[in-house]
Amino acid sequence: MLALLTGTGTFVAALPFSCMPVLFKEISEDLGLSLVQIGTIWGISSLAGVFVSIFAGLLSDRFGVKFILSLFCILVGVTGALRGLSNSFLTLAITVFLNGVVRLVVPVNVTKTVGMWFRGPKMGMAMGISAMGMGLGLTLGPTISATMLSPWLGGWRNVMYFYGVVSVAVGIVWVFIGREPPMERPSGTTASVPAGRAFSRLIRLKALWLLGITLLFRTGSIMGMTGYLPLYLRGQGWAPASADGTLASFYAISTLLVIPLTAISDRLGSRKAILFPALISATISLGLLPLADGAGVWALMILAGIFMDGYMAITVTMLLETEGVGLVYGGTALGIIFTIGQIGSVISPPLGNSFASISPGLPFVFWAALSALAIISLAATRETGWRRGKTMAVAQVM
């Protein structure tokens, strides 16, 4: 089941999504898109999350993950293929939005399911393995989509069709071999939590809001950078393969290190011990990107990418460990913080890209500022690792 969940992250949630930035050059030339329109399209892919992430959490809480993942993997494939039929900015925006509506249901359910199968001290490691699958898909998208698949298949439209078939295939696998996770329910609870009760309980949790706001600034900065970087580097005279390769290296180093980072977090008993370095390294890397060239760009992308998937895996682990959330309300809680986070992903790309009219490197400074705001928000968030409990027990004895 962990292998199936990991593969779902790779081939459904990540790969059809991460192919877009490296194909934007070809798409913009075909459809006549401006830089701000490209940023808008990239943001629209997350706009759907503002509307469906909470809905996705409620679905997983009430109807079970096998049915939802089977259905929505197939829907991701169908709507992803529809992107290839676009003939204007408007039609591309609509199809990308529709794909986002169904695609963003998948990571919420995958994360919830991993938490249900792997409860206890190894949850962080299991989340790391699942995140590695996402990281693999995010790495493969920039690596193969523009320089390999597009020439081989005959253009960006056929790449969309190809990824659509892959997602449908994963959905069919879920139909035949997917299983519902075991769940020990606390006394007085049921598998189907009324939506109103779950939502009213969770929105009163300060920790949930702080995690959501931190995620808003974090995802806003990363989403903006990943959508703009290949176009920026090509504009600076980089060869397409090298420009796409820098983004692939960002995802690749993250994929390699996500399991060690989550394991270190488990061993240290501290989630923030990893989250703080993640935000600091991203802030520094984004701030210095306009000043870098050549090997310097590669080095900064690797520095920023070290913690990318590890950050998300540890954040969702921290959420599920938060008092008042647990697994009973986990799907809804994940939906809430993903909804908050998606707001940053929607606003950041077009807003950041608009600064390019002043200076091509200025968008990176804007995204570095967002990352710095995430550091401030995280500082106000309470630790959830086991070491916090030990520290509190010592304090009570004293």
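Key figures for this structure:
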{"item": "Residue identified as more than 15 Å from G385 (Cβ to Cβ), in contact with a Ser or Thr (Cβ under 7 Å, 6 or more places away or on another chain) and small (G, A, S) among G352, G335", "result": "G335"}
{"item": "Condition check for S192: modelled with pLDDT under 90 and polar (S, T, N, Q)", "result": "yes"}
{"item": "Residue in the range 256-270 that is surrounded by fewer than 24 Cβ atoms within 10 Å (Cβ to Cβ), small (G, A, S), in contact (Cβ under 8 Å) with a residue 24 or more places away in the chain and not in a helix (DSSP H, G or I) present", "result": "yes"}
{"item": "Sole residue being under 20 Å from S265 (Cβ atoms) and of a type in the set (S, T, N, Q), chosen from S86, S130, S167", "result": "S130"}
{"item": "Subset of the range 273-306 (residues that are of a type outside the set (A, V, I, L, M, F, W, C), surrounded by fewer than 22 Cβ atoms within 10 Å (Cβ to Cβ) and touching a residue at least 12 places away in the same chain (Cβ under 8 Å))", "result": "P277, S281, T283, G287, P290, D293"}
{"item": "Matching residues in the range 352-368 - criterion: being touching a residue at least 24 places away in the same chain (Cβ under 8 Å), in a helix (DSSP H, G or I) and not polar (S, T, N, Q)", "result": "G352, A356, L362, P363, F364, V365, F366, W367, A368"}
{"item": "Some residue of the range 94-106 being part of a helix (DSSP H, G or I), within 27 Å of S242 (Cβ to Cβ) and charged (D, E, K, R)", "result": "no"}
{"item": "Yes/no for S45 being on the phi < 0 side of the Ramachandran plot and crowded, with 24+ Cβ neighbours inside 10 Å", "result": "yes"}
{"item": "Which numbered condition R234 fails, given (1) among the basic types (K, R); (2) more than 20 Å from the chain's Cα centre (by Cα); (3) closer than 19 Å to G128 by Cβ; (4) surrounded by 16 or more Cβ atoms within 10 Å (Cβ to Cβ)", "result": "(3)"}
{"item": "T95 being touching a residue at least 12 places away in the same chain (Cβ under 8 Å), more than 27 Å from T262 (Cβ to Cβ), surrounded by fewer than 22 Cβ atoms within 10 Å (Cβ to Cβ) and touching a helix residue (DSSP H, G or I) at 6+ places or on another chain (Cβ under 9 Å)", "result": "yes"}
{"item": "Filtered residues of the range 169-183 (kept if surrounded by fewer than 18 Cβ atoms within 10 Å (Cβ to Cβ) and among the β-branched types (V, I, T))", "result": "I172, V173, V175, I177"}
{"item": "S285 being under 23 Å from L373 (Cβ atoms), among the polar types (S, T, N, Q) and not in a helix (DSSP H, G or I)", "result": "no"}
{"item": "Residue count for the range 303-326, restricted to those that are farther than 15 Å from A126 by Cβ and either among the small types (G, A, S) or outside any helix (DSSP H, G or I) (or both)", "result": "9"}
{"item": "Subset tally (residues that are modelled with pLDDT under 90 and within 23 Å of the chain's Cα centre (by Cα)) for the range 142-177", "result": "3"}
{"item": "Residue list for the range 100-118, filter: charged (D, E, K, R) and either at pLDDT 80 or above or out of contact with any helix residue (DSSP H, G or I) (no Cβ under 9 Å at 6 or more places or on another chain) (or both)", "result": "R103"}
{"item": "Residue match in the range 333-340 (condition: part of a helix (DSSP H, G or I), at negative phi and surrounded by fewer than 24 Cβ atoms within 10 Å (Cβ to Cβ))", "result": "yes"}
{"item": "Residue satisfying condition, being assigned to a helix (DSSP H, G or I) and surrounded by fewer than 21 Cβ atoms within 10 Å (Cβ to Cβ), within set L69, L33, L82", "result": "L82"}
{"item": "Enumeration of residues in the range 196-250 that are part of a helix (DSSP H, G or I), farther than 22 Å from T40 by Cβ and polar (S, T, N, Q)", "result": "S200, T214, S242, T246, S249"}
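The values are calculated or read from the model by the stated rules, or taken from the named source; none is laboratory data. These figures come from a predicted structure and were not determined experimentally. Cβ coordinates were reconstructed from backbone atoms using ideal geometry, including for glycine residues, and neighbour counts include every protein chain displayed.
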